[in-house]
Structure formats: structure tokens, C-alpha cells
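So the structure is just underneath, and the comments pick up after that.
The values are calculated or read from the model by the stated rules, or taken from the named source; none is laboratory data. Being a predicted model, the structure only gives us computed values, none of them experimental. With ideal geometry, Cβ positions are generated from the backbone for all residues, glycine too; neighbour counts draw on all protein chains shown. In case anyone asks, the SASA skips ligands and DNA or RNA and just uses the protein heavy atoms, side chains included. Shrake-Rupley method; radii C 1.70, N 1.55, O 1.52, S 1.80 Å.
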Amino acid sequence: GRTGPQEDAVRIWEQLLRQGRRATAVGASDWHREPAPIDAPNVRVRAPALDTGAILNRIRAGRVIVMRAAADPTPAFTVRSGLHSATVGESLTIAGGPASIEIGAPGLRGGRAVVVRNTTRIPVPLDAAGKGRLDGALSPGYIRLETYDANGEMVAFTNPVYLVK
């Protein structure tokens, strides 16, 4: 079938996130014949060990980035508020002061990033090293990241960082 994010599935997932549900987005390939690639899409799971229990626990916790292909570098995404920070699948208690979102998307020369904050889409320019930053106030809800190559094709999207008061 199709490769890339399935718009209907993403819309349902976003509805769940807006309702306060912490549903983990995943991606997988199912190869039957040429030319469908076996690795499109795939997931990167931030787990402390390469064993089934650790990986499944981290999937349940939302520590997943959905990737276009196995060869693409994994983006980094950190949200900071006051002295605290969080990354994909984690919760961050937001302080009233300044906040920042830091992006690292290696290999995306000429690419771009989009921060999705409670369904508001905010483009973030990336420098030649694939780094970007967004500063501003945060409100409760969630923040997630999408990255795109120079041709406008989605490379990755993250599960959210959940923002709580």
C-alpha cells in the first residue's frame, strides 16, 4: 500500500491527544513484493536495553519516533521549561517563565521542521547542521515534531512531549 503517514490515522491520533489520551503512534512495513521497501516506515524506540521487555515498556510509554526509512538519521527533540527538560514520550511540568524547543535533525540539509503544539503547526527553520530552536511560552497539552527533507517529504514524526501545570 501507501508509504508515509496515513492522514486518517494521524487525524484520529491527534483527536485522542487533544482529549488527553496518551496513545503511542507507531509505524511498520509489510512487504509482499517489489517494489515495496521492507523498512518504510519503521520506528526508533528509546529503550535502555535491547531486550523485548525494555522495548515494549518504552513503546507503551510513547518513547517512539516514526521514521520514513531505516537509513534516515533519528531527529532529536527536547522541550525546556525553567530548569527542567523532557523529550519524546515524557512529561514536562511547565513553569511560567521562558521555554524553548530544541531540534536536531542531522542529514536534513535544506529540510525543515514543524513543531505541532496542541494541533497548531509552527514551522521552524533548520540551519546547515539540521539544528533549529523555537522560544516562547508553553501551555498545557502536548508538543510533537515533524521533519521534512528538501523535497518536502516527511522524514520523521515524534510522539509528544506532554505539558502539565
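Restricting attention to the stretch 91-126, which residues are under 12 Å from the mean Cα position of the chain (by Cα) and not basic (Lys, Arg)?
103, 104, 105, 113, 114, 115, 116
Against the definition (more than 19 Å from residue 17 (Cβ to Cβ), part of a strand (DSSP E or B) and open to solvent by 50 Å² or more (accessible area, probe 1.4 Å)), how does residue 100 come out, yes or no?
no
May I ask you to verify whether residue 91 is under 29 Å from residue 15 (Cβ atoms) and in contact (Cβ under 8 Å) with a residue 40 or more places away in the chain?
yes
Does any residue of the stretch 76-86 turn out to be open to solvent by less than 20 Å² (accessible area, probe 1.4 Å), modelled with pLDDT of 95 or more and in contact with a Lys or Arg (Cβ under 9 Å, 6 or more places away or on another chain)?
Checked the stretch 76-86: at least one residue is open to solvent by less than 20 Å² (accessible area, probe 1.4 Å), modelled with pLDDT of 95 or more and in contact with a Lys or Arg (Cβ under 9 Å, 6 or more places away or on another chain).
List the number of the failed condition for residue 85; all other conditions in (1) more than 22 Å from residue 9 (Cβ to Cβ); (2) among the hydroxyl-bearing types (Ser, Thr, Tyr); (3) assigned to a loop (DSSP other than H, G, I, E, B) hold.
(3)
Six or more apart or on different chains, Cβ under 7 Å: which pairs go from a residue in the stretch 42-58 that's in contact (Cβ under 8 Å) with a residue 60 or more places away in the chain and under 18 Å from residue 160 (Cβ atoms) to one that's in a loop (DSSP other than H, G, I, E, B) and open to solvent by less than 40 Å² (accessible area, probe 1.4 Å)? Could you list them?
Once the first residue is in contact (Cβ under 8 Å) with a residue 60 or more places away in the chain and under 18 Å from residue 160 (Cβ atoms) and sits in the stretch 42-58, no partner that is in a loop (DSSP other than H, G, I, E, B) and open to solvent by less than 40 Å² (accessible area, probe 1.4 Å) comes close enough.
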